[in-house]
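The values are calculated or read from the model by the stated rules, or taken from the named source; none is laboratory data. Here the structure is a predicted model, which is why all the values come from computation and not from measurement. Here Cβ is always computed from backbone atoms with ideal geometry, including for glycine, and neighbour counts include all displayed protein chains.
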């Protein structure tokens with residue numbers, strides 16, 4: 001369970017009988033003003049952009065029969081409860097998370113309509129929670145199937161999805177155990193096979209008929225054919241790269257028409273195309289027009305005028321080659337600004353752009369604003385680190401500067417950074 005409530009969730013708190021009633025909206029506004037005055041750093045989450053991104057992906061993929069948006073890891077840092085509610089409002093029938101705990105948080109927050117799939121391992125300590133909260137487990141072993149069967153009441157049925165290891169070798173039932181799995185389902189009545197799934201290790205190569213993805217898909221199709229006597233409803237293997245790539249290549253149409261074709265959009269829904277993705281052309285990416293749902297913002301917290309030859313931050317890694325004006329931004333690696341990106345990243349203020357200089361600190365990083373108009377060299381000026389605003393850097397750009405991927409950029413934005421949700425009710 002999460003250790004504390006997010007600011008937006010406090011709106012759901014109601015006064016206990018006998019306790020003095022308070023004006024919660026006014027208090028929340030007061031808290032927000034204080035938070036802004038203290039640091040002024042936020043992650044703005046545009047829920048409408050997120051919903052729109054998902055709709056574009058679904059349309060691009062030809063409206064597949066199974067859509068399971070992934071909101072694990074706090075919805076990739078965007079806020080799983082808020083994103084979950086937005087997707088429930090959008091009418092999604094399935095949501096995917098990694099941990100049983102994540103699914104329980106969603107149920108406790110009133111997200112009751114969608115089926116919630118958990119893709120983690122299953123232990124004896126979690127089976128009762130899975131059953132009580134009507135969670136759909138994605139099972140990777142015969143041992144887990146037995147655990148679940150023994151916990152389900154005799155008169156009840158629990159739908160499960162069976163994950164097949166087709167080459168990722170991380171999770172999933174080895175394909176040579178599939179016959180035993182079918183025998184298991186035929187020999188009991190408490191578990192029903194609702195779906196079959198796998199995970200592609202190299203989804204970015206899905207356009208290559210000789211690539212690893214097609215080796216995996218061929219194995220998966222054999223597995224799908226083998227379990228037809230159990231009447232599964234869904235088959236799903238495609239993340240954002242796999243789903244978009246499958247529909248970007250005309251010679252793959254027979255695969256997209258594969259019965260039960262399903263997608264599990266993740267990073268694309270949040271507005272980013274995977275950095276290693278070679279399945280889409282630039283024109284296809286532009287036509288999709290995915291918009292970053294998270295905008296990381298801050299303000300100039302302090303300004304220094306330094307002379308040529310002076311250095312900034314730990315280790316004196318950057319030395320001014322001229323008299324310079326540098327500004328301190330109150331975000332650091334404890335907030336998700338990776339230290340490895342020191343001296344590489346850029347931030348923006350409208351049309352203005354400034355390079356990050358010196359070593360990123362735990363709570364701060366520094367930018368060079370020497371060439372900015374004097375009127376813009378002031379404490380409190382809003383700064384955009386990355387996001388959906390015109391002219392802003394993207395999370396993918398920051399990923400490149402940090403030698404990582406946009407997934408890590410999003411999930412690294414820590415709980416120290418308050419989330420502001422747009423539109424606000």
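Within the range 123-146, the residues that satisfy the criterion of being buried (at least 18 other Cβ atoms within 10 Å of the Cβ) and more than 17 Å from residue 196 (Cα to Cα) are 126, 127, 130.
Within the range 405-424, the residues that satisfy the criterion of being in a loop (DSSP other than H, G, I, E, B) and out of contact with any helix residue (DSSP H, G or I) (no Cβ under 8 Å at 6 or more places or on another chain) are 413, 414, 415, 416, 417, 424. Only residues that are in a helix (DSSP H, G or I), more than 20 Å from residue 138 (Cα to Cα) and in contact (Cβ under 8 Å) with a residue 12 or more places away in the chain were counted across the range 59-75, and they come to 1. Candidates in the range 228-255 are the residues that are crowded, with 19+ Cβ neighbours inside 10 Å and in a loop (DSSP other than H, G, I, E, B); of these, the one that is modelled with the highest pLDDT is 232.
For the range 405-421, which positions are in contact with a strand residue (DSSP E or B) (Cβ under 9 Å, 6 or more places away or on another chain) and more than 15 Å from residue 385 (Cβ to Cβ)? Passing the criteria: only 421. Scanning the range 182-209 for residues that are touching a residue at least 40 places away in the same chain (Cβ under 8 Å), over 25 Å from the mean Cα position of the chain (by Cα) and assigned to a helix (DSSP H, G or I) gives 182, 184, 185, 186. Within the set 304, 349, the sole residue that is modelled with pLDDT of 95 or more, crowded, with 17+ Cβ neighbours inside 10 Å and touching a strand residue (DSSP E or B) at 6+ places or on another chain (Cβ under 6 Å) turns out to be 349.
The residue of the range 374-397 that is surrounded by the fewest Cβ atoms within 10 Å (Cβ to Cβ), among those that are within 25 Å of residue 422 (Cα to Cα) and without any contact (Cβ under 8 Å) to a residue 60 or more places away in the chain, is 390. Taken together, the residues in the range 31-73 that are closer than 26 Å to residue 379 by Cα and at pLDDT 90 or above amount to 6. The set of residues in the range 357-383 that are within 27 Å of the chain's Cα centre (by Cα) and under 15 Å from residue 303 (Cβ atoms) comprises 364, 365, 382, 383.
Filtering the range 95-111 to residues that are touching a residue at least 40 places away in the same chain (Cβ under 8 Å) and farther than 16 Å from residue 129 by Cα leaves only 96. Scan the range 210-227 for residues that are over 30 Å from the mean Cα position of the chain (by Cα) and part of a helix (DSSP H, G or I) and the total you get is 3.
Residues of the range 152-180 that are in a helix (DSSP H, G or I) and more than 21 Å from residue 262 (Cα to Cα): 176, 177, 179, 180. Scanning the range 316-332 for any residue that is crowded, with 22+ Cβ neighbours inside 10 Å, modelled with pLDDT of 95 or more, under 32 Å from the mean Cα position of the chain (by Cα) and not in a strand (DSSP E or B) turns up at least one such residue. Return yes when residue 382 is in contact with a strand residue (DSSP E or B) (Cβ under 9 Å, 6 or more places away or on another chain) and not assigned by TED's automatic domain parsing to the domain that holds residue 76 and no when it is not. For residue 382, the condition - in contact with a strand residue (DSSP E or B) (Cβ under 9 Å, 6 or more places away or on another chain) and not assigned by TED's automatic domain parsing to the domain that holds residue 76 - is met. When the range 262-276 is filtered for residues that are surrounded by fewer than 22 Cβ atoms within 10 Å (Cβ to Cβ) and modelled with pLDDT under 75, the ones remaining, listed by number, are 275, 276.
Within the set 95, 24, the sole residue that is more than 18 Å from residue 423 (Cα to Cα), surrounded by 14 or more Cβ atoms within 10 Å (Cβ to Cβ), modelled with pLDDT under 95 and in contact with a helix residue (DSSP H, G or I) (Cβ under 9 Å, 6 or more places away or on another chain) turns out to be 24. Looking at 388, 402, just one residue is in contact with a strand residue (DSSP E or B) (Cβ under 6 Å, 6 or more places away or on another chain) and more than 18 Å from residue 40 (Cβ to Cβ), and that residue is 388.
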